[in-house]
Amino acid sequence: MNDNYDLGDLRKKPKRKNSRTKGNTFERQVAKLLNDRFNTLEFSRSPGSGAFASTHTLPDHLKIYGDLISPQKFKFCIECKKGYNNQNLYSLYNYSADIWKFIAQSEKDAGKCGLLPMVIFKQDRQPILAIVPESVHVVENIKYIEIHNTSKKYRVYLFTELLTCWDSMWFDL
């Protein structure tokens with residue numbers, strides 16, 4: 001007796017999300033987490049996020065730095081990165097790895113607008129991480145990993161734990 005089953009539909013791989021869509025979705029997710037935490041609607045994805053800012057010239061009064069628009073007195077310029085599953089612990093030893101490029105990009109944007117840099121980074125099926133300069137004062141006793149390149153030190157936190165910090169860590173009050 002022959003079975004006549006068509007298994008073709010069972011073997012289809014899920015459709016791949018393109019990296020731009022994945023990044024935009026992650027930026028909206030981070031904005032929502034921040035809006036929920038601070039009971040506001042002022043965090044949103046920057047309209048100039050991604051390649052637009054580097055391919056168009058805007059007057060200074062219209063420039064937005066980082067991936068998120070944030071409320072007044074918010075201390076951080078946020079750079080969101082999603083994916084990059086090839087980055088791992090060993091990438092920290094390679095100063096030309098993407099993770100260090102993300103930090104450099106965040107430092108550059110933060111310097112332009114006079115804020116502190118923060119990289120919010122998530123790999124597939126992993127928790128969200130936040131990377132901030134060592135100088136950021138976190139009062140709460142939260143676990144972190146300290147990393148450094150040749151000139152600066154940074155701390156890597158679980159983003160959900162960092163969200164539990166007092167408002168004074170996030171805002172100039």
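Derivation of every value follows stated rules applied to the coordinates shown; laboratory data play no part. Here the structure is a predicted model, which means the values were calculated and not measured. All Cβ positions, glycine included, derive from the backbone under ideal geometry; neighbour counts span all protein chains shown.
Computed from the C-beta positions of SER135 and THR40, the FRET efficiency with R₀ = 35 Å rounds to 0.85.
Scoring 144-154, 115-125 by mean Cβ neighbours within 10 Å over their residues and listing the highest first yields 115-125, 144-154. Within segment 59-168, antiparallel bridges make up roughly 65 percent of the DSSP beta bridges whose residues both belong there. Sorting LEU89, LEU162 by the number of Cβ atoms found within 10 Å of their own Cβ, with the fewest placed first, yields LEU89, LEU162. Taking the charge dipole of segment 63-173 about its Cα centre, with +1 at Lys and Arg Cβ atoms and -1 at Asp and Glu Cβ atoms, the residue from THR164, ALA97, GLN72 reaching farthest to the positive side is ALA97.
Considering only Cα-Cα distances, which of the following residue pairs are longer than 25 Å: LYS22/LYS152; LYS122/LYS152; LYS101/LYS122; LYS108/LYS152; LYS32/LYS153; LYS75/LYS108? Flagged as over cut-off: LYS22/LYS152; LYS32/LYS153.
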